[in-house]
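Q: One structure follows; several queries about it will come next.
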Ligand SMILES: [Zn+2]
Ligand SMILES: [Zn+2]
C-alpha cells in the first residue's frame with residue numbers, strides 16, 4: 001500500500017496514513033454536496049429527481065458524482081487524463097467508491113450487477129495507452145466484486161469535441177458512434193453502472209444508455225468523478 005512513498009499526490013505533504021495517496025487536508029477539500037440523484041445537478045438537499053430532469057430527462061436513471069470540477073479534484077483528474085499519470089486511478093477510484101457508498105444512503109442507490117466503462121475510440125486509446133474510465137472501473141469492480149464489462153460497448157467512430165455544439169448537433173455528431181458487441185439474448189444484466197470521468201453535457205452517456213436499453217437493461221447508473 002505504500003507505493004505513493006508516503007507523500008500526498010497533490011500537495012506532496014507527508015502522509016501519516018498512506019492509504020489512498022491523499023493527505024487528510026487535500027481529502028477534506030474534495031467536498032461532496034447535495035445533488036440530484038438523476039441528473040447530478042447541485043441542489044439544496046439530496047433528491048432523487050429535480051426540476052431540471054423534468055425539463056430534459058436524461059436517458060440514464062441515476063447519477064453518482066464525487067464533487068465539483070474544482071481543485072484539487074480537477075487537478076488530479078487532469079493529471080490522470082492528460083498527463084499520462086495513470087497511477088492516480090487508485091485515488092480517484094477510491095473517491096468514487098466512497099461517493100457510491102454515500103449514494104446508497106443519500107439516494108437509496110442499489111449496487112449494479114455490472115460496471116461498464118465509457119469507451120474511447122481505439123486510436124485515442126492506443127495513443128494514450130489506456131482508457132481512463134476502464135482503469136477506474138477495474139478498481140471498482142474489484143472492490144465491489146461486480147464484473148467490469150469493458151468490451152461490450154465499442155466506440156466505432158471518432159467524434160469531434162462536443163464543446164460548443166448545440167444539443168441537436170451533439171446528437172448528430174454522436175450518431176452511430178457506438179456499437180454493441182453483445183446481443184440481447186446473451187446479456188443477463190438488468191442494472192448496470194456506466195463509469196465516466198468528467199460529466200459535461202451528458203450526450204455521450206445518453207447515446208450509450210439508449211444502446212443499453214436495447215439489451216434489456218432496466219436501470220442505468222452513471223458514476224462520474226465530477227460534473228463540470
Ligand atoms: Zn495533500
Ligand atoms: Zn435532476
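Q: Which residues, counting only those in the range 47-63, are touching a helix residue (DSSP H, G or I) at 6+ places or on another chain (Cβ under 9 Å) and more than 17 Å from residue 224 (Cα to Cα)?
A: Once the filter is applied, which keeps residues that are touching a helix residue (DSSP H, G or I) at 6+ places or on another chain (Cβ under 9 Å) and more than 17 Å from residue 224 (Cα to Cα), the range 47-63 yields only 56.
Q: Regarding the range 7-18, can at least one residue be identified that is under 30 Å from residue 171 (Cα atoms) and outside any loop (DSSP other than H, G, I, E, B)?
A: Within the range 7-18 (the criterion being under 30 Å from residue 171 (Cα atoms) and outside any loop (DSSP other than H, G, I, E, B)), the answer is no, since none of the residues qualifies.
Q: All but one of (1) part of a helix (DSSP H, G or I); (2) at pLDDT 95 or above; (3) more than 16 Å from ligand 1 (Cβ to nearest atom); (4) surrounded by 15 or more Cβ atoms within 10 Å (Cβ to Cβ) hold for residue 52, so report the exception by its number.
A: Just one mismatch for residue 52, condition (2).
Q: Can you list the strands (runs of 3 or more DSSP E) found entirely within the range 132-212 that contain at least 1 residues being modelled with pLDDT under 95 and under 20 Å from residue 69 (Cβ atoms)?
A: Hits in the range 132-212: 191-199.
Q: Out of 88, 115, I need the residue that is away from ligand 1 (no atom under 16 Å from the Cβ) and touching a residue at least 60 places away in the same chain (Cβ under 8 Å). Which one?
A: Among 88, 115, only 115 is away from ligand 1 (no atom under 16 Å from the Cβ) and touching a residue at least 60 places away in the same chain (Cβ under 8 Å).
Q: Can you confirm whether residue 21 is within 16 Å of ligand 2 (Cβ to nearest atom), at pLDDT below 95 and crowded, with 16+ Cβ neighbours inside 10 Å?
A: Here the answer is no, as residue 21 does not meet what is asked.
Q: Any idea which of 70, 75, 100 is within 17 Å of the chain's Cα centre (by Cα) and surrounded by 17 or more Cβ atoms within 10 Å (Cβ to Cβ)?
A: Being within 17 Å of the chain's Cα centre (by Cα) and surrounded by 17 or more Cβ atoms within 10 Å (Cβ to Cβ) holds for just one of 70, 75, 100, which is 100.
Q: In addition: List the residue pairs whose Cβ atoms are under 9 Å apart, where the first residue sits in the range 55-81 and is closer than 30 Å to residue 216 by Cα, the second is within 16 Å of ligand 1 (Cβ to nearest atom), and the two are 6 or more positions apart or on different chains.
A: Listed by first residue and then by second, the contacts come to 66/30; 66/73; 66/92; 66/95.
Q: What is the one condition in (1) free of Cβ contacts under 8 Å to residues at least 24 places away in the same chain; (2) near ligand 2 (Cβ under 9 Å from one of its atoms) that residue 27 does not satisfy?
A: (2)
Q: Could I ask something else about it? Answer yes if at least one residue in the range 38-46 is assigned to a strand (DSSP E or B), surrounded by 13 or more Cβ atoms within 10 Å (Cβ to Cβ), on the phi < 0 side of the Ramachandran plot and more than 16 Å from ligand 1 (Cβ to nearest atom), and no otherwise.
A: Checked against the condition, which is being assigned to a strand (DSSP E or B), surrounded by 13 or more Cβ atoms within 10 Å (Cβ to Cβ), on the phi < 0 side of the Ramachandran plot and more than 16 Å from ligand 1 (Cβ to nearest atom), the range 38-46 yields at least one hit.
The values are calculated or read from the model by the stated rules, or taken from the named source; none is laboratory data. Source: prediction; values computed, not measured. Reconstructed Cβ throughout: ideal geometry from the backbone, glycine too, with neighbour counts over all protein chains shown.
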